[in-house]
Amino acid sequence: MKKTSASRLLRLKARSRSTGDSWHNGGDMEILQYARSLQNAAKTLTGKLNLDKSDETGWDICPVVLLYRQALEIHLKMVVGEGSNFLPSPTDPVSLSTTHSLRWLAQIACQIIKAVKWESEFKCEGVSSLAGFSAVVSEVEAFDPVGRVIRSAGSPNCASEFLRNFDIFRFATKLDALLQLLDSTADALAAEWDQRTDFCGGDFSRTIQ
């Protein structure tokens with residue numbers, strides 16, 4: 001999903017992102033710049049990959065996935081941070097800042113998307129539903145070639161086979177689209193919260209359906 005899309009998610013413009021009692025203590029722009037730098041570095045590395053499907057070069061995809069993973073974590077936290085006010089019980093900022101569980105963050109993000117009724121608009125290349133979104137996040141979370149080596153001591157080629165069969169170019173394209181979607185969604189959630197609180201005259205309880 002591109003920022004020029006006509007989707008309501010992208011038509012809403014955030015006047016400001018949250019700066020008060022938040023997981024980032026008002027440093028959202030700096031953190032977003034860091035996430036985008038991680039993504040840019042991952043894209044640069046992907047473009048330089050010269051994979052010959054050997055056991056040695058297969059490991060070269062790992063830094064790419066790890067860079068995308070950290071960028072994904074930050075973008076998920078941004079969505080949860082901007083959207084948890086739409087839930088009956090907002091996410092604790094300390095828990096949000098310290099967790100590294102992508103699945104937990106994705107679960108809350110899905111709850112938020114359902115709460116604002118944006119399920120039909122939360123789509124991008126490789127993600128056509130909330131179930132598809134959760135599947136992509138799980139794929140990133142489960143990427144653990146070192147763990148495969150440790151768990152499969154009797155099959156030393158287990159990790160190598162996994163890496164040789166991993167389509168890093170398809171993965172990168174899918175993650176680029178997802179990160180764009182999450183960035184736009186965080187902006188849209190901030191704008192939606194502004195609109196609802198303005199409409200309700202500051203009575204936040206009336207904004208949660």
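Quick note: the coordinates plus some simple rules give every number you see, no bench work behind them. This is a predicted model, so every value here is computed, not measured. Here Cβ is always computed from backbone atoms with ideal geometry, including for glycine, and neighbour counts include all displayed protein chains.
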Between residue 97 and residue 33, with labels modelled 7 Å along Cα→Cβ, what's the label distance in nm to one decimal, could you check? 2.0 nm
May I ask you to derive the relative contact order of region 27-207, considering only C-alpha pairs under 8 Å and at least 6 residues apart, and to give it as an integer percent? 26 percent
Using all alpha carbons of region 38-124, what is the percent of pairwise distances in each 5 Å bin, ordered from the shortest bin to the longest? 3, 13, 19, 17, 13, 12, 10, 7, 4, 2, 0
If the convex hull is drawn through the Cα atoms of region 16-175, its volume per residue in Å³: 123 Å³
As a footprinting exposure proxy, order 116, 94, 149, 137 by other Cβ within 10 Å, with the fewest listed first. 94, 149, 116, 137
Residue 43 to residue 150: extension gain in nm, 0.36 nm per residue of separation minus the Cα-Cα distance? 35.6 nm
Multiply the residue gap between residue 56 and residue 173 by 0.36 nm, knock off their C-alpha separation, and tell me the result in nm, one decimal place. 39.8 nm
